Amino acid sequence: MRIDILTLFPEMFEGVLGASILGKAAEKGIVQYRVVNFRDYSESKHGTVDDMPYGGGGGMVLKPEPLFNAVEAVSEQAKPRVILMCPQGKPYRQQLAEELSQEQHLVLVCGHYEGYDERIREHLVTDEVSIGDYVLTGGELAAMVVVDSVVRLLPGALGNERSAVADSFSTGLLEHPHYTRPPEFRGWKVPDILLSGHHANIEHWRLKESLRRTMERRPELLDQIELTPEMKALLAELEEERKNSGRAKD
Ligand code: ADE
């Protein structure tokens, strides 16, 4: 996969793309990053990329020419997915990360100004993405979130292939709790079942704890997945436990 990032602050990406899984993925040749300063594609002598809004009002607006020129320069023959990072975009979720991980070429556009000229939205980008309902100073941090969540899904990027499969959200549920040694720490014990060596029981416990966590923290996720008979039975058990603990408190 090739990922091009168009930004006015290329230095922000140095650490993130060079370290850990993202850095290793590039070393292994799984992904190639290019960070492009779109000021280099400005058509003015002074490298102007923004201008005052027509109709007046405060703030500056990113001009169309530098971004169109930059996207066209990195696009080569095929048409890449061109993703504009902005708070008005589609909420970013694991499902979109999975979809983007199937592409050959992504172009992420990061703005740092009040707005983008509307012709960029209408005629240049294929997607607009928001990473959450808050306003960042620019799209760079959002682009890093997208790159991180996509690259870790590329085959071979994570050392352990299983870990991407079991993560929170890829199953539609939050992850179950994890424990490691020691078996007892400051009086807090690891659940006995995890030490039992009985794989089927452990898997059943993990599924139950995933459901418990999802029910407690993100109940709306349960409406978005197809429940197996085992999940339905576990949810009924959890509901029963909840009622009993309510009674115990009364
Ligand atoms: N740019 C500024 N805020 C943003 C957000 N929440 N998501 C994506 N890009 C942004």
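Some points to look at:
- In the full protein context, the range 184-249 carries 75 Å² of accessible surface per residue, based on a 1.4 Å probe and ignoring ligands, DNA and RNA.
- Accessible surface of the chain [probe 1.4 Å, protein heavy atoms]: carbon and sulfur percent: 52
- Computed from backbone phi with θ = phi - 60° and the Karplus coefficients 6.51, -1.76 and 1.60, the 3J(HN,Hα) list for the range 204-213 is 5, 4, 5, 5, 4, 5, 4, 5, 4, 4 Hz; x is used for glycine and proline.
- Within the range 55-202, DSSP assigns beta bridges of which about 15% are antiparallel (rounded to the nearest 5).
- Part-to-part distance (alpha-carbon centres) for the range 78-140 and the range 54-69, which is given in Å: 17
- R0 of 25 Å, Cβ-Cβ distance Leu195-Lys232: FRET efficiency to nearest 0.05: 0.30
- Checking every one of the trypsin sites (Lys or Arg not before Pro) in the range 180-220 against DSSP loop status and a limit of 14 other Cβ atoms within 10 Å picks out Arg186.
- In the context of the full set of protein chains, residues of the range 2-151 present 53 Å² of accessible surface per residue (probe radius 1.4 Å, heavy atoms only).
- Annotation: amide H-H contacts under 5 Å for Arg81 (H modelled 1.01 Å from N, sequence separation of 5 or more, or interchain): His105, Val107.
- Spin-label model distance (nm) - Glu98 vs Asp148, 7 Å beyond Cα toward Cβ: 2.1
- Cα-based reach from Lys90 at 28 Å (exclusive), listing lysines while leaving out same-chain residues under 8 positions away: Lys63, Lys79
- Each residue of the range 189-203 was assigned a 3J(HN,Hα) from its phi angle through the Karplus expression (A = 6.51, B = -1.76, C = 1.60, θ = phi - 60°), giving 9, 6, x, 3, 4, 6, 9, 6, x, 8, 4, 5, 5, 5, 4 Hz with x at Gly and Pro.
- Degrees between helix 229-249 axis and first principal axis of the chain (Cα, 0 to 90, nearest 10): 70
The values are calculated or read from the model by the stated rules, or taken from the named source; none is laboratory data. Remember, it's a predicted structure, so these values are computed and weren't measured experimentally. We place every Cβ from the backbone using ideal geometry, glycine too, and count neighbours over all the protein chains shown. For accessibility, only protein heavy atoms count, side chains too; no ligands or nucleic acids. Shrake-Rupley method; radii C 1.70, N 1.55, O 1.52, S 1.80 Å.
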